[in-house]
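Right, one structure below, let's go through it.
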Amino acid sequence: MEDPKSFETLSKAALNKLLKATSDKKKAKELETVREATETCLKSFPENGSGEGAAANGAAADGDDDQKAAEIFLPFKLAFDTKNPRVVEEAMEGLHELIAHGYLKGNCPFPSDPKRKVVDVMVEGVCACGCINDEQVQMHIIRILQTAVVSEPSFVHGSSLLHSVRTCLTIHLGSSIPANKTAAKAALSRIINIMMKRMEGGDVGEEGGAEG
């Protein structure tokens, strides 16, 4: 039986949910690019599911999984660009699962722009969705930024780290939803604490503290 938390299973589940979110006929033109990119990524997996690359107990085996995750990241990035609340929410939920289970670290080039790392494109896209006035989207932004920063190892450094802090602070100060304000404050506390611990231990990344 296939591991329910394997890279392939989590990725296909996330992509299928994203595909379903793009099925709104009224917004077919607007979501066409996301839908096509999602379908392309789904076709890249074996039909019967091989489970290759998945480690025991759902933990990532090695850097190969990060590269695989990078290869299916484009639909999520395009989903963020739509600023469609439902599509953005599904994209963030799927990425959060991949990050939380150690499959997506983002420490590899973004296929569409190899000069940039996936983690930096991801943080930029997530933070840009802060303009969406939607309770669930705001909560997903908080969750995904917090998880990406506190994960070990984390490759959210430099400007991406500062952008994450500013976005959580903006939600805390500007949200009209008490639960989101509280969650953003808690995320800020965790992010700042982990930043300080890494600075004290000399583990802030090559770009850490160099920008801003």
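Worth pointing out:
- Only residues that are open to solvent by 10 Å² or more (accessible area, probe 1.4 Å) and over 24 Å from C131 (Cα atoms) were counted in region 73-103, giving 3.
- Against the test of being touching a Phe, Trp or Tyr at 6+ places or on another chain (Cβ under 6 Å), of a type in the set (A, V, I, L, M, F, W, C), in contact (Cβ under 8 Å) with a residue 24 or more places away in the chain and closer than 21 Å to K83 by Cβ, the options V121, V126, V137 yield a single qualifying residue, V121.
- Note on region 1-40: residues that are part of a loop (DSSP other than H, G, I, E, B) and open to solvent by 40 Å² or more (accessible area, probe 1.4 Å) amount to 7.
- Taken over region 126-137, the criterion of being in a helix (DSSP H, G or I) and within 19 Å of K77 (Cβ to Cβ) is satisfied by V126, C127, A128, C129, G130, C131, V137.
- Selection from region 171-185 of residues that are outside any loop (DSSP other than H, G, I, E, B) and either free of Cβ contacts under 8 Å to residues at least 24 places away in the same chain or buried (at least 16 other Cβ atoms within 10 Å of the Cβ) (or both): I171, H172, L173, G174, P178, N180, K181, T182, A183, A184, K185
- Selection within region 179-203: residues that are touching a Leu at 6+ places or on another chain (Cβ under 9 Å) and hydrophobic (A, V, I, L, M, F, W, C). The member of this set that is modelled with the lowest pLDDT is M195.
- Taken as a whole, the structure places G106 among residues that are crowded, with 20+ Cβ neighbours inside 10 Å, assigned to a loop (DSSP other than H, G, I, E, B) and at pLDDT 90 or above.
- Region 109-118, subset surrounded by fewer than 24 Cβ atoms within 10 Å (Cβ to Cβ) and of a type outside the set (D, E, K, R), residue nearest to V137 (Cα to Cα): F110
- Condition met for S151 (modelled with pLDDT under 95 and closer than 18 Å to V123 by Cα): yes
The values are calculated or read from the model by the stated rules, or taken from the named source; none is laboratory data. Please read these numbers as outputs of a predicted model, since none were measured by experiment. With ideal geometry, Cβ positions are generated from the backbone for all residues, glycine too; neighbour counts draw on all protein chains shown. Remember, those area values only see protein heavy atoms, side chains included, never the ligands or the DNA or RNA. Shrake-Rupley method; radii C 1.70, N 1.55, O 1.52, S 1.80 Å.
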